[in-house]
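*Asks:* The following block contains the structure, expressed as structure tokens.
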Amino acid sequence: MLANIAVSFLGIATNGLAAHDTPEEMKGRVGGYSQAGNLGGAGLGGGAGLWLAQHCSSGWMPAILLAVSCMLCCLALFFVKEPASSVRTEKMAKTLRNLFQDIWTTGKTRLGFLALFLCFLPLGTGAASNLWSAVSSDWKASADTVAFVTGIMGGIITAAGCLIGGWICDRMDRQKAYLLFGLTQALCTLAMAFCPHTQIMYIIWTSVYAFTLGFAYAAFSAFVFEAIGKGAAATKFTVYACLSNVPIYYMTIVDGWAHSRFGPTGMLVIEAVMAVLSIALFFPLIKVVSRKL
């Protein structure tokens, strides 16, 4: 629990530094790198920890090696400028007032409002990946196969998707990139639904799904970095990131219900339909918001 709290604070600080120190034309790549570290790092770090635990002669050695590795990451701070704060003051009440005012001001802008709306759409959530283990028997996938494609390999594939997706986001409108990547994920779920339900198809389509998930996560970070600007950037990014968990949560429930009611094919079709409806809803909103904000 304490480690997770520490990681949360670390993520907040990292996003704040990235928002202030990243040129506008590089925010897509930075968003991709951030998510690659977040998603791929969890799989690779977990795998490294497990390998160390199995091969080190003493029980204390894995913890020490991982601690030293984490400390070495702090060397990157020598190459990052500490941003001047436009929010902090000597009085806590004034600081909090500035903080909430900055959040409110960002939410009222065109980009801020559209990013907020995108956070609640069931698009690019990757919710089905939370159920790959539970539905593996529908594709006759073995336990070893499931562990392979949803473990370290899945993390590596997702991280690669993050890096490529971030690069693409710097070459087109970032919110539209998120919609495009969400549509790509929807097409992947449809292909998986109607292809033969065999183990090889399970490996192929869960891997492609993990790759498109990296695209979507990179685009999410890219458009949030673009929308929040500077100021209380760390807090604003965290607010958007927390809100984006809402569709992941309810789509996991919807996918579970759909699988119980309509089977694996119905589950994947419903997730794809929800994504397409989200895109159809967002495009008219862009025109309305562009006229009013």
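Throughout, read-outs are computed from the coordinates displayed, never taken from laboratory work. Because the structure is a prediction, the values reported are computed rather than measured. Please note: Cβ atoms are built from the backbone with ideal geometry, for glycine as well, and neighbour counts cover all protein chains shown.
*Asks:* For the range 20-105, list log₁₀ I(q)/I(0) at each q in 0.15, 0.18 Å⁻¹, using the Debye formula over Cα point scatterers of equal strength and ignoring solvent, two decimals each.
*Replies:* -0.86, -0.97
*Asks:* Turning to a different aspect of this structure: Count charges around Ala127 for me, please; just the other residues with Cβ under 11 Å from its Cβ, Lys/Arg as +1, Asp/Glu as -1.
*Replies:* Result for the neighbourhood of Ala127: -2.
*Asks:* Below 8 Å between Cα atoms, with a sequence gap of 6+, how large is the relative contact order for the chain in percent?
*Replies:* 33
*Asks:* Between Ser8 and Thr109, what length in nm is gained on full extension when 0.36 nm per residue of separation is reduced by their alpha carbon distance?
*Replies:* Once the chain is fully extended between Ser8 and Thr109, it gains 33.6 nm.
*Asks:* Further question on the same structure: Across the range 45-182, how large is the tail of the calculated P(r) beyond 21 Å, expressed as a percent of all Cα pairs?
*Replies:* So the pairs more than 21 Å apart make up 71 percent of the total in the range 45-182.
*Asks:* Would you indicate which of [x] 1.02; [y] 1.00; [z] 1.07 is the value of Rg/Rh (Cα atoms, Kirkwood Rh) derived from the coordinates of this structure?
*Replies:* Derived directly from the coordinates: [y].
*Asks:* Here is a further query. List the longest stretch of the chain that has no exposed loop site; here a site is one of the trypsin sites (Lys or Arg not before Pro) assigned by DSSP to anything other than H, G, I, E or B, with at most 14 other Cβ within 10 Å.
*Replies:* 172-293
*Asks:* Continuing with the same structure: Could you grab the relative contact order for the range 70-202? Cα pairs under 8 Å, six or more apart, rounded to a whole percent.
*Replies:* About 26 percent, as a whole number.
*Asks:* With θ set to phi - 60°, apply the Karplus curve 6.51 cos²θ - 1.76 cosθ + 1.60 along the range 252-265 and write out the HN-Hα couplings as whole Hz, x wherever there is a Gly or Pro.
*Replies:* Coupling constants for the range 252-265: 5, 5, 4, 4, x, 5, 5, 5, 5, 8, 10, x, x, 5 Hz.
*Asks:* Which is farthest toward the positive dipole end of the chain among Leu243, Ala67, Gly126, measuring Cα position about the Cα centre, with Cβ charges +1 (Lys, Arg) and -1 (Asp, Glu)?
*Replies:* About the Cα centre, the residue reaching furthest to the positive side is Leu243.
*Asks:* I've got another one for you. In whole Hz, with x marking every Gly and Pro, tabulate ³J(HN,Hα) for the range 57-73 from phi via Karplus 6.51 cos²θ - 1.76 cosθ + 1.60, θ = phi - 60°.
*Replies:* 6, 10, x, 7, 5, x, 5, 5, 5, 5, 5, 5, 4, 5, 5, 4, 4
*Asks:* Turning to a different aspect of this structure: Any idea which of Ser57, Thr158, Cys195 is furthest toward the positive side of the dipole for the chain, if Lys and Arg beta-carbons carry +1 and Asp and Glu beta-carbons -1?
*Replies:* The residue sitting most towards the positive pole is Thr158.
*Asks:* Per residue of the range 231-245, in order, report the coupling 6.51 cos²θ - 1.76 cosθ + 1.60 (Karplus, θ = phi - 60°) as ³J(HN,Hα) in whole Hz, putting x for Gly and Pro.
*Replies:* x, 7, 4, 4, 5, 5, 4, 5, 4, 5, 5, 5, 5, 5, 6
*Asks:* Let me ask another. Calculate the FRET efficiency for Arg97 and Val289 from the Cβ-Cβ distance with a Förster distance of 41 Å, rounded to the nearest 0.05.
*Replies:* Step by step, r from the Cβ atoms, then E = 0.90.
*Asks:* Mind ordering 196-205, 55-64 by average Cβ neighbours within 10 Å, highest first?
*Replies:* Per-residue Cβ counts within 10 Å, averaged per peptide and sorted highest first, yield 196-205, 55-64.
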